Every structure is written in C-alpha cells, then in structure tokens.
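Here's the structure, in structure tokens; my notes come after.
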Amino acid sequence: MIDIVIEGGTIVTMDDQRKIIQNGSIAIEKGTILDVGTRNEISAKYNAKQVLDANKHAVLPGLIDTHGHSGHSMMKTIAETGSGWGPMIEEVYLRGVKEEFWYIDSVLASLERIRFGVTTGATFLGGGRGAYRTDNPKFAELHMDGAKEVGIREILGLGPVGRAPYTPREFRDLDGEKEITRTVDFDGMMDTSRKIIEKYGDFNDIVTARMTVSSISPNLDSLSVEDQALVRKQAKEIRELADESGRGIMAHGGGGVIKSAKELDLLGPDVMLVHCGGLTKEDINIFAETGTHVSHCPRARAIMRRRCPVPELLDAGVNVALGTDGTAPDRTFDTFSDMRTAQTIQRHFFHDSSYMPPGKVLGMATIDAANALGIGNEIGSLEAGKRADVILLNLNKPHLTPRFMIPQRIVYEAYGHDVETSIIDGKIVMENRVIKTINEEKALDHAQRVADEVVEFNNLEKYMGIPEGFWRNSKYD
Ligand SMILES: [Zn+2]
C-alpha cells in the first residue's frame, strides 16, 4: 500500500522530453514520486491509502518562485507610490518590528504562495537596499518555523546588510523588557549567516538556507582604493561561506556590476542573480561563460527601469527562471501573472508575439527554476525519483474550458487560484483549496493584529493615504 495516487489527470511532466500524459496518474510514496504513467498502468501496479481524483484537472510540478522577500507580505502596498519606500522599509525591518513579525510574515507568505500553486519559495531575509535581520539568528529561525508549519519548501537567503563595502548597522530589539539598540558589523552579520546556513543545511528538511547579499557587487571602478580592498576581502569571505555550504549565492544584480562580480569570483553555476536589467552583450557573455543563473521577476520595479534581456540570455544559453519579487510594495506571489508579464514585456519590446513561447515560460517557473536554485535533480518536474511537489489545477472552469492545448491554456489563461490541491514533499498541504497544515483563519487574524501594531509603532499612516493625482492624473507621487 503506497501513500497517494493522483488519478486520471492531464499530466504535464516537464521532464526532458516535456511529455504530456492524457488520463495519467502519479504514484507517491514516502515524499517521493514513485511512478508516473497512464491511469491503467498505475492502477494495475499500485494500491494507495489515498486516491486524489484528477479528472478534468491538469497535474503539474509545483511552481517554484525563485525570488521574494520576508517582511514584504506584512508590508505590501504601504508606500506603494515609490518615494520613501526604501528608507521606510529599512527603518521598519531593522528597528521597528518584534520577533513575532518575522514568524507571522513567513506564515502569511507561505499560505499565499501555496494558494497560488507555489510549492518552493526562495526568500531573502528582509528587503529594500538590504534590510536583512542578520544581527541575530532568531529572526531567520522564526522565518523557518513559519514556513515549516505551513509546509512549504523554502530556501532562505541571508547575509550582510546593505551594499559592499559592508559597514556596521544599527538594529533595535523590541522584545525584551526594554528596547536594546545594537550595532553589528560585517563579521557579526557573517557569524549569524554562518550559523543559519549550517543549521539549515539538509535538503531533506524542506527548509534550507543559502548565502545571500542584496547586491552581488559594486562597480569596482567607482570605488576608492581602500574601499576596493575592503570589498575584495569581504567578497572572499562571502565566496568561502558559499563554498563551505555547497549551496552557492543568491543576490540582486544587473548591468554595470557584472564584470566586477566576475572579478570578485562571485559568479558561477552556483550563483543566481535576480533582475539582471540593463545587461550588455558583454555581460550576457559573462553569464554564459560562468554558468550563472538569472531570476527574472517581470513585475518588479527594477524591470520597469531596465528590461531584462531574457530572449538574448536564452539565445546565449543562459538558464533563466521566473520569480515574483513578492510582495511589497505592489505585487503578489501569483507566479501565473509573472509567466504572462514575462511574455508581454518581450513581445512588446520586439513587436513580435512569437517571443517567449508558453512552454518555455512554464519551464522557467518549474524545471529551469529548480536548476537556477541548484536543486534540479530533486524537484521541478514530475519524474520517478524526484520529490513529490505536485499541484492539481482545476480546468473545469469557464476561462479554462474547452480543455485542450493544456500548456498554452495554463500560461495564457490560468490564475493561481485555479490551483486546487497542492502536495509538497509528499504531504497534502492544500486539498480542494483548504489548507490542511494550520488554521488559516487564525493565522490571518494574527497577521492583521501584528500589522496593525507595526503601522502604529512606526507611524506608517502617512504612507497609506491617497496621494495627489491618484484618481485623475496620468502620474502620481
Ligand atoms: Zn528582490
């Protein structure tokens, strides 16, 4: 008797042949995909404790969101006009929230991701220009606790705060009897990062941690000789910790710093750079040469400023994944929206709707995303031997009927909310849109309560009103 059989769906495997099985089934045992085949093949071979009916459903590998930020689920929409967002987020994350904020943010983000069909999220511990809580390991631990309770596969990125050369930062701890303000330098932040990366090192534990810097590198030419020397010394330590862990580096990056990042040995097949707007031909060649991966977040503001040359990167042989950059100030974790936005940007740019085929885009949210995170052997496709991260998407809806041309239909017409059932590491975390792991309603109330406190404590109301020009102008600020 095996654990689960998913029976009778249209299985979009995303395996090497991109096989699609009509009326197919998947056998799951001990967290792993045991077998994938036609309904008849699987039912002849296995009896399962639980059978999930996938009739009129598409069965896909769980989506992988290669980029988001902790804290942002609680802070979304606040200061969305843009001006003042960066300093506001840094003040709040470093000095204006209690421990519980990091836990409930993680619960909220994990719930949202799962409801949108995301089974693996990669998340930076904080946001803005590097407002990462690496002053104390407890914040990362709370994030991991939240993700684990909800049951999502999570890859947490953490490292020094700010931009290189990293300087000491002031953090405030609001949890004790009285507030404590502490200054933590690069070494202190690296100590925290090392502790967490060591503690969450086992991929079997569904939550893992990786070395992360907000921005991969400064442009070395723009720095003084002293700063250059400091950047080189710090980059060496960052690279060493990444190598020790065997899990590489995640970071934001883009045109202007790629040559420097290469010089600092911060690129390679174990590195995923987020955004990558404004790349030159030379930069694209460096990505191809070094095997560095790209996380393209088409709804991110960084991409509005500078296009990520996704088709050019793909043509050069670079692996490009999708990310949400969720969720502040103005985004969701709905990766289906990113699939379409990724198409729209390039199709508008080239005035040509043959760019960004649906199949490629679906790959960027599944198998290519797994490869970008260095876990393509574990997840990203529905194949025997891989972890059982599977979603069932209900096609029996007006916007998805008639039920044919399934990969195209999913990319062009589906939304996260069409995902009905989600299995992560062989465990059913959502069934018929009911979260099975935690009490969702209680969690949402908890999040609301903490968010209200944070707004009050940090006087955020001023960022939450209706700005001049909001209703009638072509532009507002
Ligand atoms: Zn980001």
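The values are calculated or read from the model by the stated rules, or taken from the named source; none is laboratory data. In this text the structure is predicted, and so the values were computed from the model without any measurement. Quick reminder, even Gly has a Cβ in these numbers, built from the backbone with ideal geometry, and neighbours come from all protein chains shown. For accessibility, only protein heavy atoms count, side chains too; no ligands or nucleic acids. Shrake-Rupley method; radii C 1.70, N 1.55, O 1.52, S 1.80 Å.
Spin-label model, Asp330 to Glu99: label points 7 Å out along the Cα-to-beta-carbon direction sit 3.7 nm apart. The angle between the Cα long axis of helix 137-150 and the main principal axis of the chain comes to about 20°, on a 0 to 90 degree scale. For segment 2-18, putting each phi into the Karplus relation 6.51 cos²θ - 1.76 cosθ + 1.60 with θ = phi - 60° gives couplings of 8, 6, 9, 10, 9, 10, x, x, 8, 8, 9, 6, 6, 6, 4, 8, 6 Hz, in residue order, rounded to whole numbers and with x for Gly and Pro.
Quick one: pull the percent of accessible area on the chain belonging to carbon and sulfur, 1.4 Å probe, ligands and nucleic acids left out. Intermediate results must be reported in sequence, preceding the final value.
Working: 9280 of 19310 Å².
Roughly 48 percent of what the probe reaches on the chain is carbon or sulfur.
Amide H contacts of Asp330 (H built 1.01 Å from N, in plane; Pro and chain starts excluded): Thr77 sit under 5 Å, all sequence-distant by 5 or more or on other chains. Across segment 247-263, computed HN-Hα scalar couplings (Karplus, 6.51 cos²θ - 1.76 cosθ + 1.60, θ = phi - 60°) run 10, x, 10, 10, 6, 6, x, x, x, x, 10, 5, 4, 5, 4, 5, 4 Hz from first to last residue, x flagging Gly and Pro. Of Lys233/Lys259; Lys138/Lys442; Lys148/Lys442; Lys195/Lys259; Lys76/Lys98, which sit over 20 Å apart, Cα to Cα? Beyond 20 Å: Lys138/Lys442; Lys195/Lys259.
Since only Val310, Gly37, Phe349 are under comparison, the one whose Cα sits farthest along the positive direction of the charge dipole of the chain, derived from C-beta charges on Lys, Arg, Asp and Glu, is Phe349. Under the shape rule built on the C-alpha gyration tensor, where the axes satisfy a ≥ b ≥ c, segment 65-140 is oblate, since a/c reaches at least 1.5 while a/b does not exceed b/c. Taking only the Cα atoms of the chain, the radius of gyration and Dmax are 22.0, 70 Å.
Compared with the direct C-alpha span, the chain from Lys236 to Ser224 gains 2.5 nm at full extension, assuming 0.36 nm per residue.
Using 0.36 nm per residue of separation minus the Cα-Cα distance, give me the extension gain between Thr167 and Val51 in nm, one decimal.
Difference between extended and current length: 36.2 nm.
Amide H contacts of Ala365 (H built 1.01 Å from N, in plane; Pro and chain starts excluded): Leu322 sit under 5 Å, all sequence-distant by 5 or more or on other chains.
Close amide H contacts of Glu154 (hydrogens built in the peptide plane, cut-off under 5 Å, sequence separation of 5 or more or a different chain): Gly121, Val207, Thr208.
What is the diffusion coefficient of segment 1-124 in µm²/s, taking the Kirkwood radius over Cα pairs and the Stokes-Einstein relation at 25 °C with a viscosity of 0.890 mPa s?
On the way: Rh = 17.4 Å.
Answer from the Stokes-Einstein relation: 141 µm²/s.
For segment 1-70 versus segment 429-447, the inter-centroid distance based on Cα atoms is 24 Å. A straight chain from Asn204 to Asp445 at 0.36 nm per residue would run longer than the Cα-Cα distance by 83.6 nm.
Rolling a 1.4 Å probe over the heavy atoms of the protein chains gives the chain an accessible area of 40 Å² per residue. Distance between the pseudo-spin-label points of Asp16 and Asp243 (7 Å out from Cα toward the beta carbon): 3.1 nm. Label positions at Ala316 and Ile466, each projected 7 Å from the Cα along the C-beta direction, are separated by 4.7 nm.
For Ile180, the shell of other residues with beta-carbons less than 10 Å away shows a net charge of -1, using +1 for Lys and Arg and -1 for Asp and Glu. Listed values for segment 419-433 are Karplus-derived 3J(HN,Hα) couplings in whole Hz (6.51 cos²θ - 1.76 cosθ + 1.60, θ = phi - 60°), namely 6, 9, 9, 9, 10, 10, 6, x, 10, 6, 9, 9, 10, 6, 6, and x replaces Gly and Pro. Rg and Dmax over the alpha-carbon atoms of segment 384-431 stand at 12.2, 35 Å.
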